[in-house]
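These notes concern the structure reproduced below.
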Amino acid sequence: MVHENCGVFGAFSISGDNVTPLVIDCLRALQHRGQEAWGIAVPEKPPFKRLGLVSASAAEFRSISKKFRSHIAIGHVRYSTFGKSTLSNAQPIKVKDLCIAHNGTIANVEELSGMVGGCTFTPHTMSDTLIAAQRLIMHLDNNHSMRDSISILKGEMIGSFCFMFLTDNGSVYAARDPKGFRPLVLGIHEETNTYMIASESCAFSAVGAKLLRDIQPGEIIKLDKAGLKSELFAQEPHSHCAFEFTYFAHPTSIMEGVNVYVARKRIGQLLAKKYPVDADLVIPVPDSARPAALGYSEALGLSFEEGLLKNRYSKKGSMRSFIEPYGETRVEINKGIIPIKEVIQKKKVVVIDDSIVRGTSSHSIVRMLRAAGAQEISMIVTYPPIRFPCYAGIDFPSQEELIAFQQTSNETSTEKIGQRISKVIGADFTAYNDNSTLAQAIGIPEDELCFTCSTGDYTSLGIKPIFKTRKQMKGEE
């Protein structure tokens with residue numbers, strides 16, 4: 001199955017300006033949400049799609065902007081949690097006169113595929129986005145409005161979604177699931193009188209646009225020549241993804257009224273109170289852990305140093321290892337992290353990392369710090385132990401590769417889990433954040449955040465999943 005936690009973007013210029021260059025620049029700003037493929041769509045044309053980073057197609061930007069000139073467009077950057085990294089799985093996709101871009105995961109896609117004609121679903125030929133689009137069109141063909149069609153589709157699906165739709169008759173629609181698992185925001189580019197909708201507000205900052213507000217969970221927005229129209233299609237208790245705030249989102253973004261950088265720095269400050277390690281210096285694992293490391297060091301009066309740096313001049317130096325789909329690529333990216341021996345040698349070091357998922361990166365980092373002469377290594381992790389698969393759009397698909405589950409499947413104590421993981425990765429001390437401390441740092445009530453990957457409580461999704469191996473999820477067995 002091809003499930004996504006990606007970046008989506010949509011734009012509509014009321015004054016008729018060409019928005020395609022803006023869409024390309026905004027997709028580049030959302031690149032941290034997906035590195036495998038990107039695409040744009042305008043009315044009455046097949047979507048344009050390319051594999052790899054948006055910047056890799058820089059030589060084509062001028063011709064793309066000319067060929068796909070339009071005052072209305074949507075775009076997508078892809079990060080797959082399931083399925084192959086092929087151009088056919090890139091988005092936006094077009095079904096009849098509707099283009100769709102999706103950020104999220106539809107957990108019951110096989111069941112949903114049966115509703116669109118009983119077709120045989122395979123991870124190589126179909127995606128949850130395609131199935132959802134086909135089902136949505138069935139509802140639209142039955143003379144339901146877009147709002148009512150989304151409401152019906154929502155009742156048939158299990159999972160998370162932020163949908164962006166583009167119609168050939170010249171409208172953009174955006175819909176956010178009523179739990180609010182994934183972020184979605186509304187903005188305006190005043191220079192071109194363009195309404196914008198994006199996964200994160202950092203896309204607006206990249207082009208000088210203004211953030212207006214979050215799109216509310218259960219809200220559907222319509223953009224057309226008449227302007228903006230908003231409706232609610234559902235209301236449910238919120239369950240915002242906590243992992244967005246520690247890793248996935250860009251530090252400049254504002255989500256649910258919370259600046260991500262400020263939240264991450266506050267995480268470090270609270271972790272300093274919880275785990276006041278006796279050390280000489282604090283260093284972050286680049287890049288998302290940097291604000292938390294700064295907060296931790298300031299709270300304890302410790303020196304903050306860039307003891308680990310990414311080699312940004314290598315082929316994959318700017319890429320994020322966690323969202324790469326293949327293990328060998330993640331290893332290659334991690335090789336681009338270089339220790340500064342003169343900073344680390346003979347020092348007691350506190351390393352701040354955003355999470356420990358598979359443990360590969362953590363083990364590698366501890367080993368290189370030892371080789372650089374670190375006297376003592378303490379690992380402080382801003383996210384709680386990840387022990388359960390995610391069915392809301394993050395790449396934690398199988399328990400077999402989650403180190404906290406492998407090593408501590410029956411343990412509930414965060415401290416004891418840290419002790420065990422410390423031995424596995426070779427650190428002198430390892431400590432994890434807990435759900436309540438993380439919620440306090442973010443500034444959102446704990447019961448409005450999703451911690452399923454830590455707790456194994458899938459109540460917010462309404463499912464009791466049957467866990468599968470990665471090969472099964474990837475369709476390789």
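Throughout, read-outs are computed from the coordinates displayed, never taken from laboratory work. Since we're looking at a predicted model, the values are computed, not measured. All Cβ positions, glycine included, derive from the backbone under ideal geometry; neighbour counts span all protein chains shown.
Read phi for every residue in the stretch 365-378 and hand back ³J(HN,Hα) as whole Hz from Karplus 6.51 cos²θ - 1.76 cosθ + 1.60, θ = phi - 60°, with x for Gly and Pro.
Running phi through 6.51 cos²θ - 1.76 cosθ + 1.60 with θ = phi - 60° gives 5, 4, 5, 6, 5, 4, 5, 7, x, 4, 7, 8, 10, 10 Hz.
Order these by the 10 Å Cβ neighbour count, fewest first: Val19, Val116.
Ordered from fewest to most neighbouring Cβ atoms within 10 Å, Val19, Val116 come out as Val116, Val19.
If the only charges are +1 at each Lys and Arg Cβ and -1 at each Asp and Glu Cβ, what is the size of the charge dipole of the chain around the Cα centre, to the nearest 20 debye?
Here the chain has a charge dipole of around 1180 debye.
May I ask you to evaluate 6.51 cos²θ - 1.76 cosθ + 1.60, the Karplus curve with θ = phi - 60°, for each residue of the stretch 100-112 and list the ³J(HN,Hα) values in order in whole Hz, giving x for glycine and proline?
For the stretch 100-112, the Karplus curve yields 9, 10, 9, 10, x, 9, 9, 6, 9, 5, 5, 5, 5 Hz.
Putting +1 on Lys and Arg Cβ atoms and -1 on Asp and Glu Cβ atoms, find which of Gly301, Ile14, Gly257 reaches farthest to the positive end of the dipole of the chain.
Farthest towards the positive pole: Gly301.
Apply 1/(1 + (r/R0)^6) to the Cβ-Cβ distance of Asp278 and Lys229, taking R0 = 51 Å, and write down the FRET efficiency to the nearest 0.05.
0.30
Among Ser57, Ile394, His32, pick out the residue whose Cα is farthest towards the positive end of the charge dipole of the chain, where Lys and Arg carry +1 and Asp and Glu carry -1 on C-beta, about the Cα centre.
Highest projection toward the positive end goes to Ser57.
Among Val109, Thr360, Val343, which residue has its Cα positioned farthest towards the positive end of the charge dipole of the chain, with +1 placed on the Cβ of Lys and Arg, -1 on the Cβ of Asp and Glu, and the dipole taken about the Cα centre?
Result: Val343.
Could you order the peptides 447-459, 29-41, 244-256 from most to least packed, using the average number of other C-beta atoms within 10 Å per residue?
Packing proxy ranking, top to bottom: 29-41, 244-256, 447-459.
Pull out a ≥ b ≥ c, the square roots of the eigenvalues of the alpha-carbon gyration tensor of the chain, then state rounded if a/c is under 1.5, prolate if not and a/b is larger than b/c, and oblate in the remaining case.
Taking the square roots of the gyration eigenvalues as a ≥ b ≥ c, the chain is prolate.
Taking the beta-carbon count within 10 Å as an exposure proxy, list Ile74, Ile377 from fewest neighbours to most.
By the 10 Å Cβ count, ascending: Ile377, Ile74.
Note the full-extension length gain between Ser63 and Lys96 as 0.36 nm times their separation in residues minus their Cα-Cα distance, in nm to one decimal.
Value of the extension gain: 9.3 nm.
Helix-only mean residue ellipticity at 222 nm, the chain, DSSP H runs n ≥ 4 weighted -39,500 (n - 2.57), per residue, nearest 500. What is it?
The helix-only estimate for the chain comes to -8000 deg cm²/dmol at 222 nm.
Please give, to one decimal in nm, the separation of the simple spin-label points placed at Asp25 and Lys423, each 7 Å out from Cα toward the Cβ.
Here the modelled spin labels are 5.5 nm apart.
How large is log10 of I(q)/I(0) for the stretch 7-236 at q = 0.15, 0.17 Å⁻¹ when the intensity is taken from the Debye formula with one equal scatterer per alpha-carbon?
-0.94, -1.24
Where the only charges are on Cβ atoms (+1 Lys, Arg; -1 Asp, Glu), what is the dipole of the stretch 7-236 about its Cα centre, to the nearest 20 debye?
Approximately 560 debye in magnitude.
Using a 10 Å cut-off around each Cβ, can you sort Lys154, Lys229 from fewest to most neighbouring Cβ atoms?
Lowest to highest Cβ neighbour count: Lys229, Lys154.
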